[in-house]
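**Student:** This structure is in structure tokens; I'll ask about it shortly.
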Amino acid sequence: MKLTLKSALVAVTAGLLVAGGFTGCKEKDKGGNTGVKTVKMKLGHNLAEDHAVHIQLLSFAKAVNEKTNGSVSIQIYPNGTLGSEADMVSQIQAGALDMAKVSASTLGNFNSGWNALSVPYVFNNKEHYYSVMDGSIADELYNLTEKDGFRGLTWLDSGSRSFYTKNTPIRKPEDLKGLKIRTMDSQVAIDMMKCLGGSATVMGYSEIYTGLQQGVIDGAENNVTALRDHGDVSKYYCFDEHTRIPDVVVISTKTWNKLSDEQKSIVKECAAAATQEYKKAWLAFENQVLDKAVNVNGVTLVKDVDTAAFQTACQPIYENLKTSSPDVYAIVEKIQNWK
């Protein structure tokens, strides 16, 4: 499959060999000599090069390259140059791409088990969220799609998602009545808006700014970093924190199987380290965006939200999952019982 790139691409260069380092899997080259097996991978995501995600992925790629003595190299393709998140997962399945950073909500379109992470208030708080995603439940989710041609490698914090609006502060579900709120193309997100009394309007992220500016939508729901792009057309950010949907780095099963056991071990080690490093980077990123939103754009942060009322309003989603998607509901129960 031939891909057309829309902007300059960022390449991660190979690290220098170090004494006593990685030995790798041996194979013969065309000249009959043995050498270290090399694997080159492409990793796509849809965020800008100054976004914390891109910076962390560059660091991850550099660490992998150095610790494998250059036998595994990862080239990063930012800015959605390889298409949408769903497009990139499809490309992985088709063998045209090796890795991608995508939202767990996108993965729900490929295996419904991932939808458990998009259920409103499935996580009690940030500590519960971190504990689940660093534990065995996440490992089980990573393996769900191996038969579909890819598997999860690690996760990256994407904060909590809340409502932000052009004119209306949202403190209780009733405040959403009659408002057109942009949501992701996710059935769970659409069902949530129905429960809360708002009108779900599915559109691409790039359309939100104009939609708010022209009154096509009254608001949107996302983590606080969305204010970096929409802070000057939004008046309120309301911390109802209805979902905490992680980003996930996925890798082609075919590519994964090309790696030696030692290469796999190093890639997993570097991926896990990237996840832990990113927790601090994400918090700093959130604080930076909020500071500008409040002090430059004049966004009001609404924190006196009736969270219990939002949780109660979302209960029909849980009841529906019991009968419509028992497999997903089983994962939801496992998450809520996690300690």
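The values are calculated or read from the model by the stated rules, or taken from the named source; none is laboratory data. Because the structure is predicted, anything quoted here is derived from the model rather than measured. Ideal geometry is used to build each Cβ from the backbone, glycine not excepted, and the neighbour counts take in all protein chains shown. Accessible surface areas use protein heavy atoms only, side chains included; no ligands, DNA or RNA. Shrake-Rupley method; radii C 1.70, N 1.55, O 1.52, S 1.80 Å.
**Student:** May I ask you to list the residues in region 111-156 that are in a loop (DSSP other than H, G, I, E, B), within 16 Å of Asp327 (Cα to Cα) and in contact (Cβ under 8 Å) with a residue 40 or more places away in the chain?
**Tutor:** Selection gives Val119, Val122, Thr145.
**Student:** When you go through Ile317, Ile335, Ile245 one by one, which is the residue that is surrounded by 14 or more Cβ atoms within 10 Å (Cβ to Cβ), touching a residue at least 60 places away in the same chain (Cβ under 8 Å), in contact with a helix residue (DSSP H, G or I) (Cβ under 7 Å, 6 or more places away or on another chain) and under 22 Å from Asn46 (Cβ atoms)?
**Tutor:** Residue meeting the stated conditions: Ile245.
**Student:** Quick check: anything in region 275-298 at positive phi, surrounded by fewer than 18 Cβ atoms within 10 Å (Cβ to Cβ) and out of contact with any strand residue (DSSP E or B) (no Cβ under 7 Å at 6 or more places or on another chain)?
**Tutor:** yes
**Student:** Is it fair to say Lys101 is surrounded by fewer than 23 Cβ atoms within 10 Å (Cβ to Cβ) and basic (Lys, Arg)?
**Tutor:** No.
**Student:** Among the candidates Ser131, Ser162, Ser84, single out the residue that is open to solvent by 10 Å² or more (accessible area, probe 1.4 Å) and either among the basic types (Lys, Arg) or modelled with pLDDT of 95 or more (or both).
**Tutor:** That would be Ser131, the only listed residue that is open to solvent by 10 Å² or more (accessible area, probe 1.4 Å) and either among the basic types (Lys, Arg) or modelled with pLDDT of 95 or more (or both).
**Student:** Of all residues in region 109-120, how many are out of contact with any Pro (no Cβ under 7 Å at 6 or more places or on another chain) and buried (at least 21 other Cβ atoms within 10 Å of the Cβ)?
**Tutor:** 6
**Student:** Additional query: Would you tally the residues in region 174-196 being over 21 Å from the mean Cα position of the chain (by Cα), open to solvent by 40 Å² or more (accessible area, probe 1.4 Å) and not charged (D, E, K, R)?
**Tutor:** 2
**Student:** Further question on the same structure: I'm trying to understand the selection: among the residues of region 231-242, which are of a type outside the set (Gly, Ala, Ser), in contact with a helix residue (DSSP H, G or I) (Cβ under 7 Å, 6 or more places away or on another chain) and either open to solvent by less than 10 Å² (accessible area, probe 1.4 Å) or more than 30 Å from Lys166 (Cβ to Cβ) (or both)?
**Tutor:** Passing the criteria: Tyr237, Asp240, His242.
**Student:** Please go through region 197-225 and pick out each residue that is out of contact with any His (no Cβ under 9 Å at 6 or more places or on another chain), among the charged types (D, E, K, R) and open to solvent by less than 50 Å² (accessible area, probe 1.4 Å).
**Tutor:** Asp218
**Student:** Additional query: Out of Ser131, Ser90, Ser112, report the one residue that is among the hydroxyl-bearing types (Ser, Thr, Tyr) and within 25 Å of Leu259 (Cα to Cα).
**Tutor:** Ser90
**Student:** Here are some residues: Ala309, Ala330, Ala272. Which one is touching a residue at least 24 places away in the same chain (Cβ under 8 Å), in a helix (DSSP H, G or I) and within 24 Å of Ser131 (Cβ to Cβ)?
**Tutor:** Ala272
**Student:** Applying the selection to region 84-109, what residues are part of a loop (DSSP other than H, G, I, E, B) and in contact with a strand residue (DSSP E or B) (Cβ under 8 Å, 6 or more places away or on another chain)?
**Tutor:** Gly95, Leu97, Asp98
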